[in-house]
Amino acid sequence: MITAIVHVSAEVARIPEVAEEIAAIDGVSEVYSVTGPIDLVVLVRVRTHDEIAAVVADRLNKVPGVLDTETHIAFRAYSRHDLESAFALGLD
């Protein structure tokens, strides 16, 4: 499984709606509203790099209110929590 962490900047007035729309996208496991220079942190968990492109470039970036994204691909998980989440999603 591949995990991507996506930082999302959104229109301030639409942050809750943007978060809900992103959370409904297949492959998105979690969406967090955060403080700081970005508005949302999105965790994408999929099987292939092509699926990351489909989720982020083809769907997430097209949600109305998304202004900018920055995607980080995770190389290695050091937290047991991450492994338990993967099994809970049935992606093993």
query = Which residue pairs have Cβ atoms closer than 7 Å, lie 6 or more positions apart in sequence or on different chains, and pair a first residue in region 8-20 that is at pLDDT below 95 with a second residue that is outside any helix (DSSP H, G or I) and open to solvent by 30 Å² or more (accessible area, probe 1.4 Å)?
reply = none
inquiry  = Condition first: under 23 Å from Ala77 (Cβ atoms) and touching a strand residue (DSSP E or B) at 6+ places or on another chain (Cβ under 7 Å). Now tell me which residues in region 9-32 satisfy that.
reply    = Ile22, Ala23, Gly27, Val28, Ser29, Glu30, Val31, Tyr32
query = In region 22-64, what residues are open to solvent by 80 Å² or more (accessible area, probe 1.4 Å) and not hydroxyl-bearing (Ser, Thr, Tyr)?
reply = Asp26, Pro37, Arg47, His49, Asp50, Asp58, Arg59, Lys62
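Restricting attention to region 27-68, report how many residues are more than 10 Å from the chain's Cα centre (by Cα) and either on the phi < 0 side of the Ramachandran plot or touching a residue at least 24 places away in the same chain (Cβ under 8 Å) (or both).
Taking region 27-68 first, the residues more than 10 Å from the chain's Cα centre (by Cα) are 33-39, 46-51, 53-54, 57-59, 61-68.
From what is left, the residues that are either on the phi < 0 side of the Ramachandran plot or touching a residue at least 24 places away in the same chain (Cβ under 8 Å) (or both) are 33-35, 37-39, 46-51, 53-54, 57-59, 61-68.
The total comes to 25.
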ask   = Hey, Ser79 hits all of (1) modelled with pLDDT of 95 or more; (2) of a type in the set (S, T, N, Q); (3) surrounded by fewer than 17 Cβ atoms within 10 Å (Cβ to Cβ) but one; which does it fall short on?
value = (1)
key: Qualifying positions in region 1-16 - among the β-branched types (Val, Ile, Thr), surrounded by 17 or more Cβ atoms within 10 Å (Cβ to Cβ) and within 10 Å of Gly65 (Cβ to Cβ)   = Val8
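The values are calculated or read from the model by the stated rules, or taken from the named source; none is laboratory data. Remember, predicted model here, so these are calculated numbers, not experimental data. Backbone-built Cβ (ideal geometry, glycine too); neighbour counts: all protein chains shown. All accessible areas refer to the heavy atoms of the entire protein, side chains included, with ligands and DNA or RNA removed. Shrake-Rupley method; radii C 1.70, N 1.55, O 1.52, S 1.80 Å.
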